[in-house]
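Below is one structure, written out as C-alpha coordinates; comments come after it.
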Amino acid sequence: MLLYNADIFTACSEKIKNGYILIKDGRIIDVGPMAFCPKDKESYDLSGFTVYPGFIDAHCHIGMWEDGLSFEGDDGNEDTDPATPHLRAVDAINPADYSFKEAVMAGVTAVVTGPGSANPVAGQMVAIKTYGSRIDDMIIKEPCAMKFALGENPKNTYHSKDETPTTRMATAAIIREQLKKAKRYQRDMLAAEEDEDAEEPEVDVKSEALAMAVNRSIQSHFHAHRSDDIFTAVRIAKEYDLDLVLIHCTEGYLNAEKIAAEKIPAVVGPLICTRTKPELSNERDENPAALKKAGVEVAICTDHPEVPIQYLALSAGIAVRAGMDHDDAIKAITSVPAKILGLAGKIGSVVPGADADLAVFKGDPLSVYETPAWVIAGGKIVKRP
(Lines give C-alpha, C1' and ligand atoms only; values in the text may rest on other atoms or scores of the structure.)
Protein backbone atom coordinates (compact mmCIF):
# COMPACT_ATOMS: atom_id res chain seq x y z
CA MET A 1 0.00 0.00 0.00
CA LEU A 2 1.31 3.41 -0.96
CA LEU A 3 0.07 6.64 0.60
CA TYR A 4 1.30 9.67 -1.32
CA ASN A 5 1.02 13.46 -1.58
CA ALA A 6 0.54 13.63 2.21
CA ASP A 7 2.10 15.86 4.82
CA ILE A 8 3.66 13.56 7.43
CA PHE A 9 4.08 14.20 11.16
CA THR A 10 6.68 11.53 11.90
CA ALA A 11 6.72 12.36 15.67
CA CYS A 12 10.44 11.56 15.86
CA SER A 13 12.15 13.74 13.23
CA GLU A 14 11.38 16.64 10.92
CA LYS A 15 7.89 16.82 9.41
CA ILE A 16 7.74 15.85 5.76
CA LYS A 17 5.91 18.24 3.48
CA ASN A 18 4.30 16.34 0.60
CA GLY A 19 5.67 12.87 1.13
CA TYR A 20 4.84 9.20 0.85
CA ILE A 21 4.52 6.15 3.11
CA LEU A 22 5.00 2.63 1.77
CA ILE A 23 3.38 -0.19 3.75
CA LYS A 24 3.85 -3.93 3.43
CA ASP A 25 2.72 -6.82 5.63
CA GLY A 26 1.39 -4.48 8.31
CA ARG A 27 4.59 -2.45 8.67
CA ILE A 28 5.96 0.80 7.33
CA ILE A 29 8.86 -0.05 5.03
CA ASP A 30 9.67 3.38 3.60
CA VAL A 31 8.92 7.06 4.25
CA GLY A 32 10.15 10.08 2.37
CA PRO A 33 9.50 13.13 0.18
CA MET A 34 7.59 12.74 -3.08
CA ALA A 35 10.78 13.21 -5.12
CA PHE A 36 11.71 9.65 -4.12
CA CYS A 37 8.21 8.14 -4.22
CA PRO A 38 8.07 4.61 -5.63
CA LYS A 39 5.21 3.19 -7.65
CA ASP A 40 2.73 0.77 -6.17
CA LYS A 41 -0.44 -0.87 -7.44
CA GLU A 42 -2.53 -0.03 -4.37
CA SER A 43 -2.04 3.73 -4.07
CA TYR A 44 -4.01 6.40 -2.24
CA ASP A 45 -3.68 10.11 -2.90
CA LEU A 46 -3.80 11.99 0.42
CA SER A 47 -3.44 15.49 -0.97
CA GLY A 48 -4.57 18.01 1.64
CA PHE A 49 -4.25 15.52 4.51
CA THR A 50 -1.66 15.09 7.27
CA VAL A 51 -0.64 11.63 8.45
CA TYR A 52 0.12 11.05 12.14
CA PRO A 53 1.19 7.93 14.03
CA GLY A 54 -1.69 6.06 15.61
CA PHE A 55 -2.35 7.58 19.02
CA ILE A 56 -1.27 5.81 22.23
CA ASP A 57 -3.06 5.96 25.58
CA ALA A 58 -0.35 4.95 28.05
CA HIS A 59 -2.75 4.48 30.98
CA CYS A 60 -6.37 3.40 30.85
CA HIS A 61 -8.67 0.57 31.83
CA ILE A 62 -10.35 -0.17 28.51
CA GLY A 63 -11.91 -3.62 28.43
CA MET A 64 -11.65 -3.92 32.23
CA TRP A 65 -14.76 -1.83 32.97
CA GLU A 66 -17.19 -2.46 30.14
CA ASP A 67 -19.58 0.16 28.81
CA GLY A 68 -23.21 -0.07 29.87
CA LEU A 69 -22.64 -2.75 32.51
CA SER A 70 -22.26 -2.67 36.27
CA PHE A 71 -20.86 -5.62 38.25
CA GLU A 72 -21.16 -7.96 35.26
CA GLY A 73 -18.56 -5.99 33.32
CA ASP A 74 -16.51 -4.70 36.25
CA ASP A 75 -13.27 -6.69 36.25
CA GLY A 76 -10.79 -3.98 37.21
CA ASN A 77 -10.40 -4.27 40.99
CA GLU A 78 -10.01 -7.51 42.95
CA ASP A 79 -10.65 -5.66 46.20
CA THR A 80 -10.58 -8.74 48.42
CA ASP A 81 -6.82 -8.63 48.98
CA PRO A 82 -4.60 -5.51 49.06
CA ALA A 83 -1.70 -7.32 47.34
CA THR A 84 -2.55 -8.99 44.02
CA PRO A 85 0.56 -8.81 41.79
CA HIS A 86 -0.25 -12.18 40.23
CA LEU A 87 -3.39 -10.84 38.52
CA ARG A 88 -3.00 -10.42 34.74
CA ALA A 89 -5.03 -7.81 32.88
CA VAL A 90 -5.00 -10.01 29.80
CA ASP A 91 -7.35 -12.41 31.63
CA ALA A 92 -9.99 -9.71 32.17
CA ILE A 93 -10.10 -7.67 28.96
CA ASN A 94 -13.14 -8.02 26.72
CA PRO A 95 -12.12 -6.97 23.19
CA ALA A 96 -15.77 -7.01 22.13
CA ASP A 97 -16.50 -3.95 24.31
CA TYR A 98 -17.68 -1.14 22.01
CA SER A 99 -15.07 1.22 23.42
CA PHE A 100 -12.44 -0.53 21.34
CA LYS A 101 -14.21 0.43 18.13
CA GLU A 102 -14.55 4.01 19.37
CA ALA A 103 -10.83 4.06 20.11
CA VAL A 104 -9.86 2.91 16.62
CA MET A 105 -12.27 5.30 14.91
CA ALA A 106 -10.66 8.14 16.90
CA GLY A 107 -7.17 7.06 15.80
CA VAL A 108 -6.18 5.49 19.14
CA THR A 109 -4.50 2.29 18.00
CA ALA A 110 -2.50 1.26 21.10
CA VAL A 111 -3.11 1.41 24.84
CA VAL A 112 -1.80 0.25 28.19
CA THR A 113 -4.66 -1.16 30.19
CA GLY A 114 -5.02 -3.08 33.41
CA PRO A 115 -6.21 -3.18 37.01
CA GLY A 116 -7.57 -0.18 38.88
CA SER A 117 -6.16 1.41 42.02
CA ALA A 118 -8.08 -0.22 44.86
CA ASN A 119 -5.08 -2.32 45.89
CA PRO A 120 -1.60 -1.08 46.86
CA VAL A 121 -0.20 -3.86 44.65
CA ALA A 122 -2.82 -4.14 41.93
CA GLY A 123 -1.50 -6.45 39.24
CA GLN A 124 -0.05 -6.63 35.76
CA MET A 125 -0.68 -4.06 33.02
CA VAL A 126 -0.59 -5.00 29.34
CA ALA A 127 0.17 -3.04 26.18
CA ILE A 128 -2.25 -3.95 23.41
CA LYS A 129 -3.56 -2.81 20.05
CA THR A 130 -7.15 -1.61 20.08
CA TYR A 131 -8.12 -3.60 17.01
CA GLY A 132 -8.77 -7.34 16.87
CA SER A 133 -11.29 -9.87 18.15
CA ARG A 134 -9.01 -12.05 20.29
CA ILE A 135 -6.92 -10.48 23.02
CA ASP A 136 -4.01 -12.87 22.42
CA ASP A 137 -3.63 -11.43 18.90
CA MET A 138 -3.74 -7.82 20.14
CA ILE A 139 -0.84 -7.98 22.61
CA ILE A 140 2.17 -5.73 22.09
CA LYS A 141 3.86 -6.52 25.42
CA GLU A 142 2.51 -8.64 28.26
CA PRO A 143 3.06 -7.81 30.98
CA CYS A 144 4.45 -4.36 30.37
CA ALA A 145 4.23 -3.06 33.94
CA MET A 146 3.29 -3.83 37.51
CA LYS A 147 0.59 -1.51 38.82
CA PHE A 148 0.94 -0.03 42.32
CA ALA A 149 -1.45 2.46 43.94
CA LEU A 150 -0.91 5.12 46.58
CA GLY A 151 -3.20 7.72 48.11
CA GLU A 152 -6.92 7.72 48.72
CA ASN A 153 -8.13 4.78 46.67
CA PRO A 154 -6.60 1.95 48.73
CA LYS A 155 -7.49 3.81 51.94
CA ASN A 156 -11.13 4.21 50.94
CA THR A 157 -11.42 0.64 49.68
CA TYR A 158 -10.20 -1.02 52.86
CA HIS A 159 -11.44 1.53 55.40
CA SER A 160 -14.99 0.56 54.46
CA LYS A 161 -14.07 -3.09 55.14
CA ASP A 162 -12.29 -2.24 58.39
CA GLU A 163 -9.14 -3.86 57.02
CA THR A 164 -5.56 -2.79 56.33
CA PRO A 165 -4.60 -0.41 54.75
CA THR A 166 -6.48 2.55 56.14
CA THR A 167 -3.49 4.92 56.12
CA ARG A 168 -0.85 5.97 53.60
CA MET A 169 1.74 4.40 55.93
CA ALA A 170 0.10 1.02 55.70
CA THR A 171 -0.26 1.26 51.92
CA ALA A 172 3.47 1.89 51.55
CA ALA A 173 4.27 -0.82 54.09
CA ILE A 174 2.28 -3.42 52.15
CA ILE A 175 4.12 -2.52 48.94
CA ARG A 176 7.50 -2.78 50.69
CA GLU A 177 6.58 -6.10 52.29
CA GLN A 178 5.63 -7.62 48.96
CA LEU A 179 8.74 -6.29 47.22
CA LYS A 180 10.97 -7.63 49.99
CA LYS A 181 9.34 -11.06 49.74
CA ALA A 182 9.88 -11.01 45.97
CA LYS A 183 13.57 -10.19 46.42
CA ARG A 184 14.02 -12.99 48.93
CA TYR A 185 12.09 -15.44 46.75
CA GLN A 186 14.26 -14.51 43.79
CA ARG A 187 17.41 -14.96 45.90
CA ASP A 188 16.26 -18.36 47.16
CA MET A 189 15.37 -19.55 43.67
CA LEU A 190 18.81 -18.51 42.40
CA ALA A 191 20.52 -20.29 45.30
CA ALA A 192 18.59 -23.49 44.50
CA GLU A 193 19.67 -23.26 40.86
CA GLU A 194 23.33 -22.84 41.81
CA ASP A 195 23.42 -25.46 44.58
CA GLU A 196 21.80 -28.84 43.95
CA ASP A 197 21.62 -29.48 47.68
CA ALA A 198 19.61 -26.32 48.33
CA GLU A 199 15.85 -26.66 48.38
CA GLU A 200 13.68 -24.53 46.16
CA PRO A 201 11.30 -22.25 48.07
CA GLU A 202 7.63 -23.14 48.08
CA VAL A 203 5.75 -21.81 45.09
CA ASP A 204 4.73 -18.18 45.65
CA VAL A 205 2.88 -16.81 42.63
CA LYS A 206 2.78 -13.29 44.07
CA SER A 207 6.56 -13.18 44.49
CA GLU A 208 7.08 -14.73 41.06
CA ALA A 209 5.03 -11.95 39.52
CA LEU A 210 6.67 -9.16 41.51
CA ALA A 211 10.12 -10.50 40.66
CA MET A 212 9.63 -9.05 37.18
CA ALA A 213 9.38 -5.58 38.69
CA VAL A 214 12.25 -6.16 41.11
CA ASN A 215 14.60 -7.29 38.33
CA ARG A 216 13.39 -4.42 36.10
CA SER A 217 12.21 -6.69 33.29
CA ILE A 218 8.95 -4.73 33.49
CA GLN A 219 8.19 -1.21 34.66
CA SER A 220 6.53 -0.20 37.91
CA HIS A 221 3.58 2.12 37.32
CA PHE A 222 2.63 4.00 40.48
CA HIS A 223 -0.81 5.63 40.73
CA ALA A 224 -0.05 8.89 42.57
CA HIS A 225 -1.96 12.17 42.52
CA ARG A 226 -0.74 14.16 45.51
CA SER A 227 2.84 15.45 45.93
CA ASP A 228 3.49 13.34 49.02
CA ASP A 229 2.33 10.22 47.17
CA ILE A 230 4.50 11.09 44.17
CA PHE A 231 7.60 11.23 46.37
CA THR A 232 6.60 8.09 48.26
CA ALA A 233 6.65 6.35 44.87
CA VAL A 234 10.09 7.81 44.17
CA ARG A 235 11.34 6.71 47.61
CA ILE A 236 10.12 3.12 47.22
CA ALA A 237 11.46 2.91 43.67
CA LYS A 238 14.91 3.95 44.89
CA GLU A 239 14.82 1.49 47.78
CA TYR A 240 14.03 -1.45 45.49
CA ASP A 241 15.63 -0.24 42.24
CA LEU A 242 12.35 -0.18 40.32
CA ASP A 243 11.87 1.18 36.80
CA LEU A 244 9.39 3.83 37.90
CA VAL A 245 6.73 5.59 35.83
CA LEU A 246 4.46 8.08 37.61
CA ILE A 247 0.81 7.65 36.68
CA HIS A 248 -1.50 10.71 36.94
CA CYS A 249 1.12 12.89 38.70
CA THR A 250 -1.67 15.42 39.27
CA GLU A 251 0.34 17.70 41.56
CA GLY A 252 3.50 17.27 39.55
CA TYR A 253 3.58 20.93 38.56
CA LEU A 254 4.11 21.87 42.21
CA ASN A 255 7.48 20.07 42.18
CA ALA A 256 8.23 19.80 38.48
CA GLU A 257 11.96 20.54 38.77
CA LYS A 258 12.41 17.96 41.55
CA ILE A 259 10.65 15.29 39.47
CA ALA A 260 12.73 16.22 36.44
CA ALA A 261 15.90 15.90 38.52
CA GLU A 262 14.91 12.30 39.33
CA LYS A 263 14.64 11.57 35.57
CA ILE A 264 11.27 9.90 36.03
CA PRO A 265 8.62 10.02 33.26
CA ALA A 266 4.99 10.88 33.94
CA VAL A 267 1.76 9.75 32.31
CA VAL A 268 -0.58 12.64 33.09
CA GLY A 269 -4.36 12.64 33.13
CA PRO A 270 -7.25 12.58 33.01
CA LEU A 271 -7.47 16.26 32.06
CA ILE A 272 -11.18 16.37 31.25
CA CYS A 273 -12.58 15.71 34.70
CA THR A 274 -13.95 17.26 37.85
CA ARG A 275 -12.24 17.31 41.24
CA THR A 276 -14.29 14.42 42.56
CA LYS A 277 -12.09 13.63 45.56
CA PRO A 278 -9.81 15.57 47.91
CA GLU A 279 -6.51 14.47 46.32
CA LEU A 280 -7.63 16.08 43.05
CA SER A 281 -8.18 19.48 44.67
CA ASN A 282 -5.00 20.86 43.07
CA GLU A 283 -5.67 19.49 39.59
CA ARG A 284 -4.67 22.05 36.95
CA ASP A 285 -4.76 21.88 33.15
CA GLU A 286 -1.31 23.53 33.15
CA ASN A 287 0.27 20.43 34.69
CA PRO A 288 1.54 18.79 31.46
CA ALA A 289 3.05 22.05 30.21
CA ALA A 290 4.80 22.73 33.53
CA LEU A 291 6.25 19.23 33.72
CA LYS A 292 7.41 19.33 30.11
CA LYS A 293 8.99 22.76 30.59
CA ALA A 294 10.93 21.42 33.58
CA GLY A 295 12.30 18.57 31.48
CA VAL A 296 10.01 15.66 32.43
CA GLU A 297 9.05 13.16 29.71
CA VAL A 298 5.26 13.67 29.62
CA ALA A 299 2.59 11.46 28.09
CA ILE A 300 -1.13 12.25 28.26
CA CYS A 301 -3.76 9.62 29.08
CA THR A 302 -7.54 9.39 29.44
CA ASP A 303 -7.71 6.89 32.31
CA HIS A 304 -10.69 5.44 30.41
CA PRO A 305 -13.47 5.07 31.46
CA GLU A 306 -12.84 8.18 33.60
CA VAL A 307 -12.62 10.03 30.27
CA PRO A 308 -13.83 8.08 27.22
CA ILE A 309 -10.87 6.92 25.20
CA GLN A 310 -12.02 8.63 22.00
CA TYR A 311 -11.19 11.95 23.70
CA LEU A 312 -7.46 11.28 24.01
CA ALA A 313 -6.54 13.80 21.30
CA LEU A 314 -8.97 16.31 22.79
CA SER A 315 -7.20 15.85 26.14
CA ALA A 316 -3.94 16.77 24.42
CA GLY A 317 -5.74 19.81 23.01
CA ILE A 318 -6.67 20.88 26.54
CA ALA A 319 -2.96 20.74 27.42
CA VAL A 320 -2.19 23.03 24.47
CA ARG A 321 -4.86 25.48 25.59
CA ALA A 322 -3.14 25.51 28.99
CA GLY A 323 0.31 26.28 27.62
CA MET A 324 1.82 23.12 26.17
CA ASP A 325 3.49 23.37 22.77
CA HIS A 326 1.23 21.93 20.05
CA ASP A 327 3.78 19.50 18.62
CA ASP A 328 4.79 18.39 22.12
CA ALA A 329 1.13 17.64 22.86
CA ILE A 330 0.87 15.44 19.77
CA LYS A 331 4.08 13.68 20.75
CA ALA A 332 2.58 13.20 24.24
CA ILE A 333 0.06 10.81 22.67
CA THR A 334 2.42 9.24 20.11
CA SER A 335 6.21 9.04 20.33
CA VAL A 336 6.64 9.97 24.02
CA PRO A 337 4.41 7.21 25.44
CA ALA A 338 6.10 4.79 23.03
CA LYS A 339 9.49 5.87 24.40
CA ILE A 340 8.33 5.71 28.02
CA LEU A 341 7.00 2.18 27.48
CA GLY A 342 10.16 1.01 25.73
CA LEU A 343 8.28 0.57 22.45
CA ALA A 344 9.87 3.35 20.40
CA GLY A 345 10.31 2.36 16.77
CA LYS A 346 7.44 -0.13 16.97
CA ILE A 347 4.54 2.21 17.68
CA GLY A 348 4.11 5.97 18.03
CA SER A 349 6.11 7.17 15.02
CA VAL A 350 6.04 7.12 11.23
CA VAL A 351 9.36 5.45 10.49
CA PRO A 352 10.50 2.38 8.56
CA GLY A 353 10.03 -0.73 10.68
CA ALA A 354 7.16 0.64 12.75
CA ASP A 355 3.73 -0.95 12.78
CA ALA A 356 1.49 0.59 10.13
CA ASP A 357 -0.93 2.27 12.55
CA LEU A 358 -1.81 5.71 11.19
CA ALA A 359 -4.36 8.46 11.79
CA VAL A 360 -5.00 10.84 8.88
CA PHE A 361 -6.54 14.26 9.47
CA LYS A 362 -7.72 17.12 7.29
CA GLY A 363 -7.45 19.66 10.10
CA ASP A 364 -5.93 19.93 13.57
CA PRO A 365 -6.12 16.52 15.30
CA LEU A 366 -6.37 18.20 18.71
CA SER A 367 -9.47 20.21 17.80
CA VAL A 368 -12.88 19.34 19.20
CA TYR A 369 -14.21 19.55 15.64
CA GLU A 370 -11.85 16.98 14.15
CA THR A 371 -11.84 13.20 13.86
CA PRO A 372 -9.60 11.15 11.58
CA ALA A 373 -10.71 11.01 7.95
CA TRP A 374 -8.67 7.85 7.49
CA VAL A 375 -7.43 5.29 10.01
CA ILE A 376 -5.00 2.56 9.05
CA ALA A 377 -4.59 -0.21 11.62
CA GLY A 378 -2.07 -2.97 11.13
CA GLY A 379 -1.62 -1.92 7.51
CA LYS A 380 -5.35 -2.13 6.72
CA ILE A 381 -7.71 0.74 6.04
CA VAL A 382 -10.42 0.62 8.70
CA LYS A 383 -11.82 4.11 8.15
CA ARG A 384 -11.84 6.32 5.08
CA PRO A 385 -13.96 9.13 3.57
> In the neighborhood of residue 378, defined by Cβ-to-Cβ distances under 14 Å, what is the net charge if each Lys or Arg adds +1 and each Asp or Glu adds -1?
Replying inline: +3
>> I'd like the accessible area for residue 25: 1.4 Å probe, protein heavy atoms, all chains in place, Å² to the nearest 10.
In response: 140
>> Could you tell me the relative contact order of the chain? Use alpha-carbon pairs under 8 Å, at least six residues apart, and round to a whole percent.
In response: 19
> Against the longest alpha carbon principal axis of the chain, how many degrees, from 0 to 90 and to the nearest 10, is the axis of helix 205-214 turned?
Replying inline: 60
> Taking Cα pairs under 8 Å and at least six residues apart, what relative contact order does region 1-77 come out at, in percent?
Replying inline: 31
>> For region 149-195, which trypsin sites (Lys or Arg not before Pro) pass both filters: DSSP loop (anything but H, G, I, E, B) and at most 15 other C-beta atoms within 10 Å?
In response: 161
>> Below 11 angstrom from the Cβ of residue 240, what's the summed charge of the other residues (Lys, Arg +1; Asp, Glu -1)?
In response: +3
> For the pair residue 187 and residue 167, how long in nm is the line joining their label points, each one 7 Å along Cα→Cβ?
Replying inline: 2.8
> For region 247-385, what number of Lys pairs, 8 or more residues apart or on separate chains, have alpha-carbon atoms under 14 Å from each other?
Replying inline: 8
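Based on the alpha-carbon gyration tensor of region 108-220 and its eigenvalue square roots a ≥ b ≥ c, which shape applies: rounded if a/c is under 1.5, prolate if not and a/b is larger than b/c, or oblate?
On the way: a/c = 2.68, a/b = 1.11, b/c = 2.42.
Here region 108-220 falls in the oblate category.
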>> Looking only at region 1-139, where both bridge partners belong to it, what percent of the DSSP beta bridges are antiparallel (to the nearest 5)?
In response: 60
>> Please state the shape class of region 39-181: rounded when a/c is under 1.5, otherwise prolate if a/b exceeds b/c and oblate if not, all from the C-alpha gyration tensor.
In response: prolate
>> Expected output is a single nm value to one decimal: the length gained when fully extending between residue 40 and residue 231, i.e. 0.36 nm times separation in residues minus the C-alpha distance. What is it?
In response: 63.4 nm
> Loop-only check: which trypsin sites (Lys or Arg not before Pro) in region 253-328 are DSSP coil with at most 14 other Cβ within 10 angstrom?
Replying inline: 263, 275
> lysines near residue 183 by alpha-carbon distance under 22 Å, same-chain residues fewer than 8 away left out - which ones?
Replying inline: 147, 206, 238
> Calculated FRET efficiency, residue 96 and residue 217, Cβ-Cβ r, R0 30 Å, to nearest 0.05?
Replying inline: 0.45
> So for region 254-349, Kirkwood radius off the Cα pairs, Stokes-Einstein at 4 °C and 1.567 mPa s: how many µm² s⁻¹?
Replying inline: 96
>> From zero outward in steps of 10 Å, how is the percent of C-alpha pairs of the chain spread across the bins?
In response: 5, 24, 31, 23, 11, 4, 1, 0
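The values are calculated or read from the model by the stated rules, or taken from the named source; none is laboratory data. Predicted model only: the values in this text are computed from it and were never measured. FYI the Cβ positions are ideal-geometry reconstructions off the backbone, even for glycines, and counts take in every protein chain you see. Please note that ligands, DNA and RNA were not included when accessible areas were found on the heavy atoms of the full protein model with its side chains. Shrake-Rupley method; radii C 1.70, N 1.55, O 1.52, S 1.80 Å.
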